[in-house]
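Peer 1: Mind looking over this structure? Questions follow.
Computed from the coordinates by the stated procedures, all read-outs in this text should not be read as laboratory data. Only a predicted model underlies this, so the values are computations on that prediction, with no experimental measurement involved. Note that each Cβ is placed from the backbone with ideal geometry, even for glycine, and that neighbours are counted across all protein chains shown.
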Amino acid sequence: MSGAARLELRPSPALAAAIIAGHAAAAAAAYLVVPGVMGAALGAALLALGLAAAWSRALLRSSSAVRAMELGGPQPVFELANGERFAADVAARRYVTRYMVALPLGRRTLLVTADMLGAQEFRRLRIWALWNRLPAVAAKQLAA
């Protein structure tokens with residue numbers, strides 16, 4: 001196992017667009033089911049919720065948004081936008097694909113998409129999420 005890795009997350013405009021699009025579809029469906037003023041109010045509330053979720057989670061603008069993580073120690077350490085750091089156990093059941101990684105952290109789940117990290121960093125995160133350890137690098141490769 002190689003040493004610790006610090007992964008700095010970047011905002012994801014694609015994830016923000018997906019969140020807003022999903023909430024806009026839910027708002028339209030709610031308006032179709034509940035027509036009139038109440039349906040419009042429900043639709044507006046759903047759209048506002050989508051905007052807030054995109055702002056907070058995908059664009060990482062909230063003070064409680066995870067901005068960085070340190071892997072490789074006994075427990076991963078997460079750093080929030082407000083500077084607070086905390087160590088958390090990540091549940092053994094994780095969702096890992098080519099495009100995203102979902103890490104359950106107790107009461108919340110951290111969703112990291114491929115555009116939030118560089119290609120090599122995202123690869124390292126996926127390997128860590130699957131095997132719970134970082135990929136090792138041979139000494140020859142480090143010297144090159």
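Peer 1: For the chain, what does the helix formula give at 222 nm: sum of -39500 (n - 2.57) over DSSP H segments with n ≥ 4, over the residue count, nearest 500 deg cm²/dmol?
Peer 2: -12500 deg cm²/dmol
Peer 1: In the Gaussian network model of the chain, springs joining C-alpha atoms below 10 Å, which of 114, 25, 129 carries the largest mean-square fluctuation?
Peer 2: Of 114, 25, 129, the most mobile in the Gaussian network model is 25.
Peer 1: To continue, here is another question. Just to be sure I understand: with springs between alpha-carbon atoms less than 10 Å apart, which residue in 61, 108, 93 has the highest mean-square fluctuation in the Gaussian network model of the chain?
Peer 2: Highest fluctuation of the listed residues: 108.
Peer 1: Can you sort 115, 89 so the residue with the fewest Cβ neighbours within 10 Å comes first?
Peer 2: Values: 115 16, 89 10.
With the fewest neighbours first, 115, 89 line up as 89, 115.
Peer 1: Let me ask another. Per residue of segment 49-66, in order, report the coupling 6.51 cos²θ - 1.76 cosθ + 1.60 (Karplus, θ = phi - 60°) as ³J(HN,Hα) in whole Hz, putting x for Gly and Pro.
Peer 2: Once θ is set to phi - 60°, the couplings for segment 49-66 become 4, x, 5, 5, 5, 5, 4, 6, 9, 8, 8, 6, 8, 6, 5, 9, 6, 6 Hz.
Peer 1: Can I ask one more? Would you mind calculating the gained length between residue 26 and residue 93 on full extension (0.36 nm times residue separation, minus the Cα-Cα distance), in nm to one decimal?
Peer 2: 21.3 nm
Peer 1: Report the full-extension gain for the segment residue 136 to residue 109: residue separation times 0.36 nm, less the Cα-Cα distance, to one decimal in nm.
Peer 2: On the way: separation 27, 0.36 × 27 = 9.72 nm, distance 2.69 nm.
In short, 7.0 nm is gained.
Peer 1: Among 109, 97, rank each residue by its count of other Cβ atoms within 10 Å, from fewest to most, as a rough exposure measure.
Peer 2: 97, 109
Peer 1: Amide H of residue 59: which non-local residues (sequence gap of 5 or more, or other chain) have their own amide H closer than 5 Å, using H built in the peptide plane?
Peer 2: It is 12, by chain and number.
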